[in-house]
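Quick note: the coordinates plus some simple rules give every number you see, no bench work behind them. Predicted model only: the values in this text are computed from it and were never measured. As a convention, Cβ positions derive from the backbone with ideal geometry for all residues, glycine included, and neighbour counts pool all protein chains shown.
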Amino acid sequence: MRKVFVALAALVAGYASGAFIGAVLVEIFSGNRHDKSLEVVMTAAFVTGPLGAFIGLLAAIFWRGSNS
């Protein structure tokens with residue numbers, strides 16, 4: 001049961017950090033002037049957030065695997 005909680009925590013932390021990093025990167029590098037706020041939200045929610053969750057889950061699996 002502990003492994004499930006660790007995996008869920010890694011997913012949530014990875015999603016949050018991925019969404020934050022994606023939002024910052026879009027704010028810095030996007031040349032969009034018309035609907036930049038929408039671009040930030042959509043990129044963070046549907047691209048970098050899930051990517052961060054996946055990376056967080058992989059990190060938790062491999063970190064737990066090496067410590068077991």
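Summary table below
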item: Residue count, segment 1-41 (criterion: assigned to a helix (DSSP H, G or I), exposed (fewer than 13 other Cβ atoms within 10 Å of the Cβ) and without any contact (Cβ under 8 Å) to a residue 12 or more places away in the chain); result: 8
item: Candidates ALA45, ALA53, filtered to the one that is in contact with a Leu (Cβ under 8 Å, 6 or more places away or on another chain) and either outside any helix (DSSP H, G or I) or in contact (Cβ under 8 Å) with a residue 24 or more places away in the chain (or both); result: ALA53
item: Matching residues, segment 28-45, being of a type in the set (Asp, Glu) and farther than 19 Å from TYR15 by Cα; result: ASP35
